[in-house]
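For reference, the structure discussed in these notes is given below.
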There are 2 protein chains.
Amino acid sequence: MTRVQDIYPKDRVILREVGLRDGLQLVKKFPSTAAKQRWVRDEYAAGVRHFEVGSFLPAKTFPQFADVGDVVQTVASLPGAHGIALVLNERGVNEALASGVAEIASVLSATEQHSQANANRSREAAIANIKRLCELRDASAHKPVVNAAISMALGCSIAGPVDPKEVLRLVEKCFEAGVDMVGIADTVGYAGPKQVGDLTKAAVRIAGSKAIFVHLHDTRGMGIANASAALDAGARILDGSLGGLGGCPFAPGATGNVVFEDLVFLCESKGFATGIDIDRLIAVRSILRAEMPGEQLYGGMARAGLPSRSAAAAA
Amino acid sequence: MTRVQDIYPKDRVILREVGLRDGLQLVKKFPSTAAKQRWVRDEYAAGVRHFEVGSFLPAKTFPQFADVGDVVQTVASLPGAHGIALVLNERGVNEALASGVAEIASVLSATEQHSQANANRSREAAIANIKRLCELRDASAHKPVVNAAISMALGCSIAGPVDPKEVLRLVEKCFEAGVDMVGIADTVGYAGPKQVGDLTKAAVRIAGSKAIFVHLHDTRGMGIANASAALDAGARILDGSLGGLGGCPFAPGATGNVVFEDLVFLCESKGFATGIDIDRLIAVRSILRAEMPGEQLYGGMARAGLPSRSAAAAA
């Protein structure tokens, strides 16, 4: 049985690369399986250990994740690395369990309107689904970690502003359903750092010994500021994608997740050691550029590099 | 006599558009005087009141600021608007005083190495220069506000890391020299929010009833996070440039100032009313695009727009 504390020790910040899943939701051209595997291996060499690698969804609808099992295997082959895969239904759960993936991700909308529009079910039904997922996990041999992300937790593309109390109620429901981790997701980059900090602080309090992760999008340029506020509020697990790859089907013009390499710089600048080498991480962008030449990559670190540490460095 | 409290009331956040000066330091093509005047007028209509409009420097070396007097006049013609112009030497001070500009900006390097390399003088000599500027201001008819920005205050392109104690010593020296406001400038986007917050907090304490402004660059993607930290630390005057226009001669690949429109969203999201209409502000980017088609503009708000406030808005 995998214990959540083993792969998410509470005493340090853990940054998760979600570009292989969230980053590929909307791209025009999909990277080859071999390129995904190089992406994982090269980031692993740079120090990254947590990878969301795809979804167990019908390959007809989501062909970019047809090879999710292969990428799960790649991650599993790297000592200390930890793979995550998204599921939406019971068939997916069973496939995910069979793949041996270390963590299964699920999702729940913060608002009833978005839940109905996006998943064609109530939030109640979504929580029942997550509970069933946890039961299947308990009955499985390797008992992966299960997480539930609350999408639109800081503002909804359909309902507009979201009441934080409602989100915190859902955080409690998810833990009651048996998940190990709950995610606060600003899916459409709706909020600023005050909102993110306040909600994170309250969620971390509810979580107790269980875990909260924070999943931010840089839609309105607030990504890094929001990540900083989440860290100040006690979050220790944050998602990002290399080059800010990705978009959001619910927000035209939206960029993807917060830029992973800038997130590393942020954490290090705040005194949180990430174990990640920024220069080596930036170099991995070449895989994305070669495989998805039509996608815009973002980020300050890739543009400017690490600041000079001494007179000699700048000479 | 202009009192600093009149144009920078302490009870609210003031955002200053510095794109017409800092944003134009390195652009390949300069906007026409008429375009600069439209830029000012349109931002004024959007609610902006503080504009750094150029430098009183030799027009041979800085042809982009040859028309600074005209833009000073444009700002002066708008009720409640407030123009700022940079000077580097006594000739410039006299021209600035003659122009009637409301505020004169001066600059001082945080490190001895940068001061010598950039201005060919010691920091001591730079402070003497600022003192002389304040004396000329005192002897003038309209007595403009005088500010001094400490460049490289959070890290230096030549010397590397900068001791905050050294910066705070310079803050004190500048106030002793007679300036009304001191600026903390992260000229090359060196630092993260912790460094910016800590230094700002200490500088605000030193300033007392005088003012501190914070001038940030988005070089490494930390601009908005750093602005958020500066606000948390008590800063109430922040600089930005529309579209993040500009670069830095000391940091290849660096972007310009923190994106003005994203800065507005940040402040509003934190509960600080700026009086600025983001949609109208974003529309002003069309002037920059038309006049400087080769320059990259940045920013999340321009990409995604304001978040929907209601179900109706997103329908």
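The values are calculated or read from the model by the stated rules, or taken from the named source; none is laboratory data. All of these numbers come straight from a predicted model, not from anything done at the bench. FYI the Cβ positions are ideal-geometry reconstructions off the backbone, even for glycines, and counts take in every protein chain you see. These accessible areas exclude ligands, DNA and RNA; they are computed on the full protein's heavy atoms, side chains included. Shrake-Rupley method; radii C 1.70, N 1.55, O 1.52, S 1.80 Å.
Helix by helix, which DSSP H runs in chain B go 18 Å or more along their axis at the Cα atoms and have an average Kyte-Doolittle hydropathy of -0.5 or more?
Numbers: long enough: B:33-46 (20 Å, -1.06); B:123-138 (22 Å, -0.43); B:164-177 (20 Å, -0.09); B:193-207 (20 Å, 0.01).
Helices meeting the criterion: B:123-138, B:164-177, B:193-207.
Of all chain A C-beta atoms, the nearest to the rotation axis linking A with B is recorded, alongside its rounded Å distance, as A:A225, 2. Note on A:295-301: average number of Cβ atoms from other chains within 10 Å of each residue's Cβ is 3. With its label point defined 7 Å out from Cα along the Cα-to-Cβ axis, A:N94 lies at 9.0 nm from the matching points of the other copies, in increasing order. A crude spin-label estimate for the pair A:A34 and B:K29, with each label 7 Å from Cα along the Cβ direction, gives 4.4 nm. Within segment B:10-298, the proportion of Cα pairs with more than 28 Å between them is 29 percent. In summary, the aspartates and glutamates within cross-link reach of B:K210, defined as a Cα separation below 19 angstrom excluding same-chain residues under 8 places away, comprise B:D6, B:D11, B:E103, B:E135, B:D138, B:E172, B:E176, B:D180, B:D198, B:D232, B:D239. Helix content alone sets the calculated 222 nm mean residue ellipticity of chain A: runs of n ≥ 4 DSSP H residues at -39500 (n - 2.57) each, divided across all residues, give -12000 deg cm²/dmol. To put it simply, the accessible area of segment B:84-155 at a 1.4 Å probe is 51 percent carbon and sulfur. Partners of B:K29 within straight-line reach, counting lysines whose Cα lies under 17 Å from its Cα and excluding those fewer than 8 residues away in the same chain: B:K60.
Can you tell me the alpha carbon radius of gyration of the protein assembly as shown divided by the globular rule-of-thumb value 2.2 N^0.38 Å?
Working: Rg = 25.6 Å, N = 630, 2.2 N^0.38 = 25.5 Å.
Ratio of Cα Rg to 2.2 N^0.38 Å: 1.00.
Here's the picture: charge each Lys and Arg Cβ at +1 and each Asp and Glu Cβ at -1 in segment B:154-309, and of B:G275, B:A233, B:L170 the one pushed furthest to the positive end of that dipole is B:A233. Sorted from nearest, the other copies put their B:D198 label points 2.9 nm away, the label point being 7 Å from Cα in the direction of Cβ.
Rounded to the nearest 20, the size of the Cβ-charge dipole of the protein assembly as shown about its Cα centre is 40 debye, with Lys and Arg at +1 and Asp and Glu at -1. Taking amide hydrogens as placed 1.01 Å from N in the peptide plane, the amide H of B:I237 sits under 5 Å from those of B:I14, B:V214, each at least 5 positions away in sequence or on another chain. Which Cα, out of B:V53, B:A96, B:I7, lies furthest along the positive dipole direction of segment B:1-98 (beta carbon charges, K/R +1, D/E -1)? Comparing the listed Cα positions along the dipole, B:V53 ranks first.
Along Cα→Cβ at 7 Å, what distances in nm separate the B:G234 label point from those on the other copies, shortest first? In nanometres, ordered from closest: 2.7.
For the protein assembly as shown, report the accessible area per residue in Å² (1.4 Å probe, heavy atoms, rounded to an integer). Let's see the in-between values first.
On the way: 22660 Å² over 630 residues.
Accessible surface, normalised per residue, equals 36 Å².
Each listed q (0.14, 0.17, 0.18 Å⁻¹) maps to a log10 I(q)/I(0) for segment A:164-315, found by the Debye formula over equal Cα scatterers with no solvent: -0.73, -0.99, -1.08. Using equal-weight Cα scatterers in the Debye expression, the normalised intensity of segment B:1-79 in log10 at q = 0.17, 0.21, 0.22 Å⁻¹ is -0.70, -0.99, -1.06.
FRET efficiency for the pair A:A273 and A:E176, taken as 1/(1 + (r/R0)^6) with r the Cβ-Cβ distance and R0 = 30 Å, rounds to 0.30.
Could you work out the relative contact order of segment A:4-314? I mean the mean sequence separation of Cα pairs under 8 Å and 6+ apart, divided by the number of residues, in percent.
Values: 634 pairs, mean separation 63.7, N = 311.
20 percent.
Compute the distance from the alpha-carbon center of segment A:136-161 to that of segment A:5-35, in whole Å. Here the answer is 16 Å between Cα centres.
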